[in-house]
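The values are calculated or read from the model by the stated rules, or taken from the named source; none is laboratory data. Here the structure is a predicted model, which means the values were calculated and not measured. With ideal geometry, Cβ positions are generated from the backbone for all residues, glycine too; neighbour counts draw on all protein chains shown. For accessibility, only protein heavy atoms count, side chains too; no ligands or nucleic acids. Shrake-Rupley method; radii C 1.70, N 1.55, O 1.52, S 1.80 Å.
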Amino acid sequence: DLLNSATDIYGGLIGYRYSPTERFVISGAAGANYKVRHADGQSNTGDVGYRVKFNTTYQVNDQTKAEVALSRDEEPSGNGRTVTRDRGSISLTYLLSELTELSFNASYADNENIGGSGSSTTSQEGGKARYFAVSPAVTWNITDQLSLAASYQFRYKIFASSNSANDNG
């Protein structure tokens, strides 16, 4: 950018994994992060925030598995600045045969800093956005190391400025 700035993020997580049954696994982790922004001709600015990760997997039966993942973390954005991003995803996988599986994934992400704490540079600049994606897929497992997949993805992004965009792929 014009100020020749750089950002360093230091953080860590402490987590726990719990498996009450053979088919059900829950894991979670939480921690702190410290973000330092360096810019030419300006004093360094620091910001303390937190990060969280949560995952759960449930093997419904021998053919069906469901997974849920939630996270909050500090990430780089497309313009090189960092944002606090909340993410969530759901995945369902169904084993049709030994060689074929069907899956459906849905995900959500935002940089609106809905969890409080920490600052989101893009939020301050009016770059708030929400992102949704859905993706069905079919995978053929040809060998243990080789598979062929066909998938479709629909993405939809809503900007705070009331604009939106979508694509198919």
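Provide a single number: the residues in segment 25-79 that are assigned to a strand (DSSP E or B), polar (S, T, N, Q) and open to solvent by 60 Å² or more (accessible area, probe 1.4 Å).
If we filter segment 25-79 for residues that are assigned to a strand (DSSP E or B), which is where we start, we get 25-38, 45-59, 64-76.
If we keep only those that are polar (S, T, N, Q) as well, we get 27, 33, 45, 55-57, 59, 64, 71.
From what is left, the residues that are open to solvent by 60 Å² or more (accessible area, probe 1.4 Å) are 45, 55.
Here the count works out to 2.
Tally the residues that are modelled with pLDDT under 90, in a loop (DSSP other than H, G, I, E, B) and open to solvent by less than 70 Å² (accessible area, probe 1.4 Å), restricting the search to segment 126-168.
3
Is it the case that Ser89 is closer than 19 Å to Asn55 by Cβ and modelled with pLDDT of 80 or more? Walk me through it before giving the result.
Numbers: closer than 19 Å to Asn55 by Cβ: yes; modelled with pLDDT of 80 or more: yes.
In short, yes.
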